[in-house]
Amino acid sequence: MAQAVDTTSTNAEMPKTKPASPWTLAFRQLRRNKIAMSGLIVIIMMFLICFVGPFLSPYSLETMSGPSNKGPSASHWLGTDKLGRDILLRVMLAGRISLLVGLVAMMVSVAIGSTLGALAGYYRGWVDTIIMRFADIMLSIPALPLLIILGAVLSDIQVPPDQRIYLVMFLLGFMSWPGLARLVRGQILTLREQEFMQAAEVLGLRDKRKIFRHLIPNTIPIIIVVATLSVAGAILMESVLSYLGIGVVPPTPSWGNMISAANNLIDFKKRPWLWIPPGVCIFMTVIAINVIGDGLRDALDPKMKK
Amino acid sequence: MANNLVEFRNLRTNFYTSGGVVKAVNDVSFAIKEGETLCVVGESGCGKSVTAMSLMRLVSPPGKTEGGQILYNGEDLLTLKERQMRHIRGNEIAMIFQEPMTSLNPVFKIGQQISEPLIIHKGMTKKEAKKRSIELIELVGIPRAAQIFDSYPHELSGGMRQRIMIAIALSCDPKLLIADEPTTALDVTIQAQILDLMRNIKSEFKTAIMLITHDLGVVAEMADHVVVMYAGKVIEEAPVHELFRNPKHPYTQGLLRAKPIINQRQSRLYTIPGQVPNPVSLGNNCYFNDRCEHCMSICVDKQPPLNTYENRHKAACWLYEKGGEA
Ligand SMILES: Nc1ncnc2c1ncn2[C@@H]1O[C@H](COP(=O)(O)OP(=O)(O)O)[C@@H](O)[C@H]1O
Ligand code: SF4
Ligand SMILES: [Mg+2]
């Protein structure tokens, strides 16, 4: 096709550097943040240890691998529990469960929270009222007592332990969407008034496409930050519930139910190797995720800095 | 003579605000012919943008189009289903806006944004759309199109972004391009380039253009036909030469006097005294009467109808009515 105008006149307006996506720019800034990067390294190590480590362990969970209740030694680096199971192996397998619970709960919360938040912000009116009132109700109910009740119900109807972890994941995810929904809604409310949405409107796009392709991608920075922090929240909450015996229940190991060994006075005083390792894992993971979240916030959304 | 592509018939769009009902578009009738550039002029707030958005059927609450017809190729757009209307938007009728800096979605590459209507309306594959997008970027006069295809909006200047907006608008070969003050936000040299581009598009693709502006310089350069709006009404309409040679309505005469003449120093720019009336409390009178130097008694008692005079010239003013002073 012929060119409509002479092109030389616009040469001066050319971009000087090669295209850099907003993501590349943000990632570069994150890389300069030493604290966030050390958090990232800790998390990567934690994932590697938990998911690869068990394959390198000479022991297996089903069989007794040594004498019971022995302290750390060359053959059992972190000792054994009262059933003679290797603590190191159990901590790693528990880590798989705890990290997975955190990730899945986050995904559930992000899926529900961003979708409902976007719908509320885009349609406003009664859609907004219904969704946000529901979110308000959920936010005003204290999470822990509710989860304790639900956990007790799960125990009462005797859900098998292996299915129970999925329920716990979804429950935790379902409890934490309202906060994200509020933030996304707020952003969509302002974004939908911007010129580029008017420009999308005149292209004849469907609502679905406008919401999911044009609006939500603009809220990804805030979603990433909230999602990251919510992984830590879910891991912590899972630990609390499991510690209380109503989250992930034995024989499925999780960091939380391993710490419940500390409930027993003798174990607490005499056998610290039972509960210190899972405690340290929870502590390190949660701190690491939180510093990554803060770093992401600084990199992705300069406006949110204090 | 060319056929009417779009015809507004007694269009009414109202805004229900807390202060009362704003008749933003009040009984507006005019037509856009195929391949013609029609300019809509008037001071800010006179209903130009609302007229265009009514045509797109994108007036959002508290606004509502409540009367009249908008015929597109003889079919009333106001009666179409939303699904049919989506097919018109972006495909048959495209639109560009005043603010090129913020009219592109900041998180997508330029190429994705040009490809989108091609994929949606023309059913192209990603690859076909990319090829066509690069052609379009070249067409609107941006060199190194393949590189621009992979750029993000923040890497381009305002002038380039407006060219990209035009490329997006042209992607589906629309019959009508609505441009709502497309050069207002740009500096003068870039303005001239964008207007050039639009003129070339019109002559090459025979696209009709509805150009909204408050700048009579732009009108003189671009228009075939001009519609002058005041407080939600069409008060004068004529072919461009006729309008500039022989403006009838005192408001149009005022606008022409208000235009600065380039290379000619004026001690003070002429401005029409007074202000646009409060759009809520309009009665049965000439809306311009309190600013008009020719105001007569009938002007405050009765609204002048839009009558047709010689040379396809229409005006709504009692000065030209036989029964005017009666
Ligand atoms: N969203 C809105 N809410 C209330 N009134 C509006 C809205 N949009 C436009 N209007 C009214 O419609 C009139 C015409 O506006 P507009 O078409 O944007 O003017 P312009 O000729 O400058 O493009 C204005 O006087 C304004 O009062
Ligand atoms: S109708 Fe009367 S008031 Fe209105 S423009 Fe004409 S002369 Fe002026
Ligand atoms: Mg306007």
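The values are calculated or read from the model by the stated rules, or taken from the named source; none is laboratory data. What you are looking at is a predicted structure, and each value in this text was computed from that prediction instead of being measured. Because the Cβ atoms are built from the backbone with ideal geometry, glycine has one as well, and the counts that use them run over all protein chains shown. SASA here: full protein model, heavy atoms, side chains in, ligands and nucleic acids out. Shrake-Rupley method; radii C 1.70, N 1.55, O 1.52, S 1.80 Å.
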Accessible surface, 1.4 Å probe, highest first, among residues B:18, A:176
B:18, A:176
Divide by every residue of chain A the summed helix terms, -39500 (n - 2.57) for each DSSP H run of at least 4, and state the resulting mean residue ellipticity at 222 nm, rounded to the nearest 500 deg cm²/dmol.
-21500 deg cm²/dmol
With a 1.4 Å probe and every protein chain kept in, tell me what percent of the accessible surface of the protein assembly as shown is carbon plus sulfur.
60
Need one number: nm distance between label points at residue A:47 and residue A:141, each 7 Å from Cα along Cα→Cβ, rounded to one decimal.
3.3
Excluding ligands and nucleic acids, what accessible area in Å² is computed for residue B:175 using a 1.4 Å probe, to the nearest 10?
100
If ligands, DNA and RNA are left out, what is the accessible area of residue B:135 with a 1.4 Å probe, given in Å² to the nearest 10?
60
Under a 1.4 angstrom probe, counting protein chains only, how are B:149, A:51 ranked by accessible area, largest first?
A:51, B:149
Starting with the highest mean, order A:166-173, B:151-158, A:120-127, A:254-261 by the number of other Cβ atoms within 10 Å, averaged over the residues of each peptide.
A:254-261, A:166-173, B:151-158, A:120-127
Accessible area per residue, 1.4 Å probe, Å², for region B:31-80: what's the number?
36
Helix-only [θ] at 222 nm, chain B, -39500 (n - 2.57) per DSSP H run of 4+, per residue, nearest 500, equals -9500 deg cm²/dmol
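Please state the shape class of region A:239-306: rounded when a/c is under 1.5, otherwise prolate if a/b exceeds b/c and oblate if not, all from the C-alpha gyration tensor.
On the way: a/c = 3.91, a/b = 2.53, b/c = 1.55.
Prolate is the answer for region A:239-306, as a/c is 1.5 or above and a/b outweighs b/c.
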Protein-only accessible surface order, largest first, of A:207, A:86 at 1.4 Å:
A:207, A:86
So for region B:275-326, averaging the separation of alpha carbon pairs under 8 Å that are six or more residues apart and normalising by length, what relative contact order in percent results?
28
Straight-line reach check, residue A:82, cutoff 12 Å on alpha carbons, 8 or more apart in-chain or any other chain, hits among aspartates and glutamates -> A:267
Other chains' Cβ within 10 Å of B:89-100 residues: what's the mean?
3
Take residue A:38, project a point 7 Å from its Cα along the Cβ direction, then tell me which residues of region A:264-280 have their backbone nitrogen under 12 Å from it.
none
Pair-distance profile P(r), taking every C-alpha pair of chain B, with 20 angstrom steps and integer %
30, 56, 14, 0
